[in-house]
Amino acid sequence: MDKKILERFKNLEKDINYIENSKSVEKDSYTTSSFLWFWNKKYETYETILINQRLLLQFIIQFEDLLTQITNYESTHFKYFKQVTNNKYHLNYSDFQKLQTIFLTLKHDYHQGYLMSFKNLIQAEVFENQLQQSKELLNNGYIVASAVIAGVVLETGIREICTREEIAHGKLDKMNADLAKKGIYNKLEQKRITALADIRNSAAHGKESEFTKEDVEKMIRDIEDFLAKHLDNI
């Protein structure tokens, strides 16, 4: 599991405790009277639990950021989160308790591996479909289009790894260099990614003479190998 994600869970748990400890009780009274005997007055008291709204808003922002990292907008966790935080500036203690429940469920599912498996499955399916489209274009003689689509898959995969490693997104060469520098993969793999990116760039600029059909065939295979090696960790 991603150590940075686990650290975020710990920090959010601390935030939950801070918010819980910030609560205070406000008491108020109101008077009721009988319909017939209006002088028969009865005093009732009710309590309102108040929490620190600044701490709550900070928690919501960080919680949403965590959700976007390990789930998607169609996940049950995210849908319930959005329902509760529909008006994030006017939430009460009951809303906070609901968010706690969503958070604990998310934590459990993440530690059990359910969330990452689902995300990887969806991402792998998208990549597979795009690479299949690239192969079909290549087989039908559309070499340039095939190389461009394969290049998009490669860059998307690189971006996913950068997101996981908290490396800033940028041009493909820069992200590739940053990942190698951090030790995510070695210099040999960095050079292979650079070579694949060169084919993509040539195709994007219409320089068909700079690569062959065989180059694109190998490009697709190399991208498939790269994704198979690194996708499980995304």
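The values are calculated or read from the model by the stated rules, or taken from the named source; none is laboratory data. Computed from a predicted model, the values in this text were never measured in an experiment. Reconstructed Cβ throughout: ideal geometry from the backbone, glycine too, with neighbour counts over all protein chains shown.
Counting only residues that are over 16 Å from Lys229 (Cα atoms) and assigned to a helix (DSSP H, G or I), the stretch 174-190 holds 5 of them.
Scanning the stretch 49-99 for residues that are more than 26 Å from Thr163 (Cα to Cα) and among the β-branched types (Val, Ile, Thr) turns up Ile49, Ile51, Val84. Out of the residues in the stretch 153-173 meeting the condition of being touching a residue at least 40 places away in the same chain (Cβ under 8 Å) and assigned to a helix (DSSP H, G or I), tell me which one is surrounded by the fewest Cβ atoms within 10 Å (Cβ to Cβ). Filtering the stretch 153-173 for residues that are touching a residue at least 40 places away in the same chain (Cβ under 8 Å) and assigned to a helix (DSSP H, G or I), the one surrounded by the fewest Cβ atoms within 10 Å (Cβ to Cβ) comes out as Thr163. Only one entry of Leu99, Leu91, Leu188, Leu104 meets the criterion of being surrounded by fewer than 18 Cβ atoms within 10 Å (Cβ to Cβ), of a type in the set (A, V, I, L, M, F, W, C) and in the same structural domain as Tyr73 (by TED's automatic domain parsing), and that entry is Leu104.
Could you tell me whether any residue of the stretch 201-213 is under 29 Å from Tyr114 (Cα atoms) and charged (D, E, K, R)? Looking through the stretch 201-213, none of the residues is under 29 Å from Tyr114 (Cα atoms) and charged (D, E, K, R). What are the residues in the stretch 193-220 that are assigned to a helix (DSSP H, G or I), of a type outside the set (S, T, N, Q) and over 19 Å from Gly141 (Cβ atoms), if any? Once the filter is applied, which keeps residues that are assigned to a helix (DSSP H, G or I), of a type outside the set (S, T, N, Q) and over 19 Å from Gly141 (Cβ atoms), the stretch 193-220 yields Ile193, Ala195, Leu196, Ala197, Asp198. For the stretch 128-146, a residue qualifies if it is over 28 Å from the mean Cα position of the chain (by Cα) and either buried (at least 16 other Cβ atoms within 10 Å of the Cβ) or not acidic (Asp, Glu) (or both), and the qualifying residues are Lys135, Leu137, Leu138, Asn139, Asn140, Gly141, Tyr142, Ile143, Val144, Ala145, Ser146.
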